[in-house]
Every structure is written in structure tokens, then in C-alpha cells.
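Where a number appears in this text, it was derived from the coordinates with a stated rule and is not lab data. What you see is a predicted model, and the numbers here were worked out from it, not measured in a lab.
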Amino acid sequence: MYLHLGDDYSVSFSRIIAIFDMSMYENAAENPFSKEAQLYSKQMGKEPSSVVLTHEKAYFSIISVQSLKKRIEETFILKPQEVKPEGRRLIG
């Protein structure tokens, strides 16, 4: 399974270590990703909202942490079972 990060990037769920909100850093001196985030901003013309840390590298995304979390939950959380009119349950 893959998590779509926007801008034609997707990353395998199994490779994700953590997802950070870029707004949690008050200033650039506290931000361990500031140099990479500035480069991303120049290349993409957008400020990143989040950074997804994997085993290989850090991926920046304009998608918020809350939206990425929702995408993960929608993929892994099972939906309530639906009941057919004749009483048979569907798993899904």
C-alpha cells in the first residue's frame, strides 16, 4: 500500500517512520529540515505543510499531517459491516 503525498509522489506505508507537521517549528533554527524545506519551496513554488520521514529520505508535502493521517486511517481501518436486506453480512 502507498500513501500519496501530492506532486506525483507516493511512498510505501512500510517505509514510513514518522510524519511531522512543519508548523511545529517556530523558527528555522529549530527546524532540522529547514534547508531541505527551502530547497523544496524553491523547486516547487509551494511551502511544505508536512514532512514524511522514511528509511531512505525525507519527503516534503503540501498536504497537511491531518489529511495524510486521514488517508492512512481510511486505508487501514475496517468499515462497519454492511447487512444485506435478506440478513447476510458482507465483509468490507
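Among rounded, prolate and oblate, which fits segment 1-57 when a ≥ b ≥ c are the square roots of the eigenvalues of its C-alpha gyration tensor, a/c under 1.5 means rounded, and a/b larger than b/c means prolate? It is oblate, given that a/c is not under 1.5 and a/b is not larger than b/c. Remark: the residue 25-residue 47 segment gains 6.6 nm on full extension, using 0.36 nm per residue and subtracting the alpha carbon distance.
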